[in-house]
Amino acid sequence: MLASLKLREMRSSPDCDDGKSCYRQHSREMLISVALGQVLSLLICGIGLTSKYLSEDFHANTPVFQSFLNYILLFLVYTTTLAVRQGEENLLAILRRRWWKYMILGLIDLEANYLVVKAYQYTTLTSIQLLDCFVIPVVILLSWFFLLIRYKAVHFLGIVVCILGMGCMAGADVLVGRHQGAGENKLVGDLLVLGGATLYGISNVWEEYIIRTLSRVEFLGMIGLFGAFFSGIQLAIMEHKELLKVPWDWQIGLLYVGFSACMFGLYSFMPVVIKKTSATSVNLSLLTADLYSLFCGLFLFHYKFSGLYLLSFFTILIGLVLYSSTSTYIAQDPRVYKQFRNPSGPVVDLPATAQVEPSVTYTSLGQETEEEPHIRVA
């Protein structure tokens, strides 16, 4: 039934001359979207593995310093790119118009990373894996109210299946005794995870808005600028003593380089995937990151294996395919949306006979609307 409805939708598209070819194209786009999300999960796996080696083998507990290295890389690549641009996309022009917005976003992004890493000192790995899923309802609600994204029943079904997969993984952790990290203040750790997940959700939705209405380079350049500034201050206040305790050698240096490369790749590639899919889709894809870390840990750290891990992995993938099987849409015409969100920009006049379309595709699996002229945001 769902397949026949989807085929009729694709046949009704002006760009579809043949139903079978459109169906194959849609299937290919869906698989590409799922695969791109798994690339992000693998990068997070690399981040987790290097962090584990640093903290457990070398006792280098420096989460702020590690974030600082990433922000410095973003600054060197993307902020300097903005600095050499001309006109309205120049760094100084952007700062004059929107500096305080990016300052808030930089703080949110920095503290989201810090809170989740800090939570490992207080609560269990299982609690972190489960409570970190709180980012998904946060992203859905913020996307609904601020990005005007509307979901269909199949999207909610896919989300539920993904979360069931995470629950299966947490259950497997308990069965094999991998719920390490319990401390005396478990409630504090759980609250830190919830706070970090909330900030991640805000950051991801804000990122989606920026890359759709402005540009990926502007987002990364501003994150690099303000992230480096605030993480440098936080590093000087909170972690300068920890840095002095690090037993520096080539192995530790290589781990920091590996961590920074994975983090820089994640930040650089995530806006590309978000623009092609959505913030919600990306966060669902990232649920498999813990499983990739686990599979690597079977060989590197001799973790115990459970068949539930494989069941969890395939359950999450099924949920991703369900979610990606159809496109979300926005509540009104994208030009109306941009005009509403950018009141000081130029007005886009719609034809008098134009009717607001309630089912304009917003995420990427369907055919996107035509490229619009750049709209200046105050």
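Any read-out appearing in this document is the output of simple, stated calculations on the displayed coordinates, not a laboratory observation. Given the structure is predicted, the values throughout are model-derived calculations rather than measurements. As a convention, Cβ positions derive from the backbone with ideal geometry for all residues, glycine included, and neighbour counts pool all protein chains shown.
Taking amide hydrogens as placed 1.01 Å from N in the peptide plane, the amide H of Tyr329 sits under 5 Å from those of Arg150, Tyr362, each at least 5 positions away in sequence or on another chain. Counting every alpha-carbon pair across region 25-328, the share separated by more than 26 Å comes to 46%. When each of the peptides 296-306, 224-234 is scored by how many other beta carbons lie within 10 Å of its residues on average, the order from highest to lowest is 224-234, 296-306. When the C-alpha to C-alpha distance is required to be over 26 Å, the pairs from Lys52/Lys245; Lys118/Lys275; Lys152/Lys276; Lys275/Lys304; Lys52/Lys275 that qualify are Lys118/Lys275; Lys275/Lys304; Lys52/Lys275.
Can you find, among Tyr114, Gly319, Ser41, the residue sitting farthest towards the positive end of the charge dipole of region 25-328, where Lys and Arg contribute +1 and Asp and Glu -1 at Cβ? The listed residue farthest towards the positive side: Gly319. Under the convention that each Lys and Arg Cβ holds +1 and each Asp and Glu Cβ holds -1, the size of the dipole of region 25-328 around its Cα centre is about 640 debye.
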